[in-house]
1. Does Val24 satisfy the condition of being within 16 Å of ligand 1 (Cβ to nearest atom), surrounded by 16 or more Cβ atoms within 10 Å (Cβ to Cβ) and not aromatic (Phe, Trp, Tyr)?
2. Hey, among Gly115, Gly79, which residue is modelled with pLDDT of 90 or more and on the phi > 0 side of the Ramachandran plot?
3. Scan His58, His66 and give me the residue that is in a helix (DSSP H, G or I), surrounded by 21 or more Cβ atoms within 10 Å (Cβ to Cβ) and within 14 Å of ligand 2 (Cβ to nearest atom).
4. Looking only at residues in region 69-93 that are outside any helix (DSSP H, G or I) and exposed (fewer than 13 other Cβ atoms within 10 Å of the Cβ), which one is nearest to ligand 1 (Cβ to nearest atom)?
5. From the list Gly134, Gly155, pick out the single residue that is within 17 Å of the chain's Cα centre (by Cα), under 23 Å from Glu62 (Cβ atoms) and of a type outside the set (Ser, Thr, Tyr).
6. I want to confirm something. Restricting to region 44-64 and keeping residues that are without any contact (Cβ under 8 Å) to a residue 60 or more places away in the chain and of a type outside the set (Gly, Ala, Ser), which single residue is nearest to Gly115 (Cα to Cα)?
7. Within region 95-103, identify whether any single residue is surrounded by fewer than 16 Cβ atoms within 10 Å (Cβ to Cβ), of a type in the set (S, T, N, Q) and closer than 15 Å to Phe44 by Cβ, and answer yes or no.
8. Within region 158-166, does at least one residue satisfy the condition of being within 12 Å of ligand 1 (Cβ to nearest atom), touching a residue at least 60 places away in the same chain (Cβ under 8 Å) and surrounded by 21 or more Cβ atoms within 10 Å (Cβ to Cβ)?
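The values are calculated or read from the model by the stated rules, or taken from the named source; none is laboratory data. Everything numeric here is computed off the predicted structure, so don't read it as measured data. No Cβ is skipped: glycine too gets one built from the backbone with ideal geometry, and neighbour counts run over all protein chains shown.
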Amino acid sequence: MPLTYPLARPALDRLPPFGKRALVKVLLHIIWGEALSFQVTQFFSRFDDQTLARYAGHQAQEENQHHRFFEKLYKEMTGQTYVSHLGHISRSLQQFGKEVTNCALSHQQIEAMIGLYLLLEGLASILFEKSYPGCAKQWPAGQATLKQIMREEAGHVGFGQVALQQRVRPMASSERRRISQLADHWERLIRRAIREIGWKVFPFPVPVRALQKEFQEFMSQAKAGLGLTVRSEK
Ligand SMILES: [Fe+2]
Ligand SMILES: [Fe+2]
């Protein structure tokens, strides 16, 4: 089983590193996302699907450690204690979080896995990769842990791809179509979230478009890997 899901990142490579102000705002979203992953993986660890439950139990520990690490990083960067405040978080991301949590709560396993492993982990891996150089510079002592976290996140995306492939590919085509439409709906929410986050942190739209393009590429590859319909219109 591949442990990571490598992707070419041409749009991200052309994007200049985030400055400190942008990093702090992105960090607020990263911390919020870590809390959401922790919550959803805790639901998964109670599911009947033993492969998923075992992996999710281990993943929940990692997500909890990530959350604590990013809280420390926030303190290093701002001198202030992180306080969870929804006013800082993109509304579209909050909406997405509610919908994925509802799926997990109501045992819609495939839907919740799509939300966590494709959409949220996909967004996280893109934001992490772009934030890493600036965060490592702001807090050199945390550099090794940051690298470790990025490896673990790549592992979550890789696990999600393999686990979803095994569960989605045997589905009837009408079911796959339904899942595809849900993934499209969440992709639109995340693309909107990237725009909302972007307007909070950048004075011009170029980084927003680069991040959206990167996310679109990620989703196209991930959906093709699952045999889901890839939207042509974006
Ligand atoms: Fe994480
Ligand atoms: Fe993760």
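1. Working: within 16 Å of ligand 1 (Cβ to nearest atom): no; surrounded by 16 or more Cβ atoms within 10 Å (Cβ to Cβ): yes; not aromatic (Phe, Trp, Tyr): yes.
Answer is no for this residue.
2. Values: Gly115 fails: on the phi > 0 side of the Ramachandran plot.
Going through Gly115, Gly79 in turn, the sole match is Gly79.
3. Working: His58 fails: surrounded by 21 or more Cβ atoms within 10 Å (Cβ to Cβ).
The match here is His66.
4. At the first step, the residues of region 69-93 found to be outside any helix (DSSP H, G or I) are 79-85, 89-90.
Those still in the list that are exposed (fewer than 13 other Cβ atoms within 10 Å of the Cβ) too: 79-81, 83-85.
Details: Gly79: 24, Gln80: 22, Thr81: 20, Val83: 20, Ser84: 16, His85: 20 Å.
Among residues in region 69-93 that are outside any helix (DSSP H, G or I) and exposed (fewer than 13 other Cβ atoms within 10 Å of the Cβ), the one nearest to ligand 1 (Cβ to nearest atom) is Ser84.
5. Residue meeting the stated conditions: Gly155.
6. Taking region 44-64 as the starting set, the residues that turn out to be without any contact (Cβ under 8 Å) to a residue 60 or more places away in the chain are 45-46, 48, 50, 53-54, 56-58, 60-61, 63-64.
Checking which are of a type outside the set (Gly, Ala, Ser) leaves us with 46, 48, 50, 54, 58, 61, 63-64.
Details: Arg46: 17, Asp48: 19, Gln50: 19, Arg54: 19, His58: 19, Gln61: 19, Glu63: 16, Asn64: 19 Å.
Across region 44-64, the extreme among qualifying residues is Glu63.
7. Scanning region 95-103, I find at least one residue that is surrounded by fewer than 16 Cβ atoms within 10 Å (Cβ to Cβ), of a type in the set (S, T, N, Q) and closer than 15 Å to Phe44 by Cβ, so the answer is yes.
8. Just the residues of region 158-166 that are within 12 Å of ligand 1 (Cβ to nearest atom), to begin with: none.
No, region 158-166 contains no residue that is within 12 Å of ligand 1 (Cβ to nearest atom), touching a residue at least 60 places away in the same chain (Cβ under 8 Å) and surrounded by 21 or more Cβ atoms within 10 Å (Cβ to Cβ).
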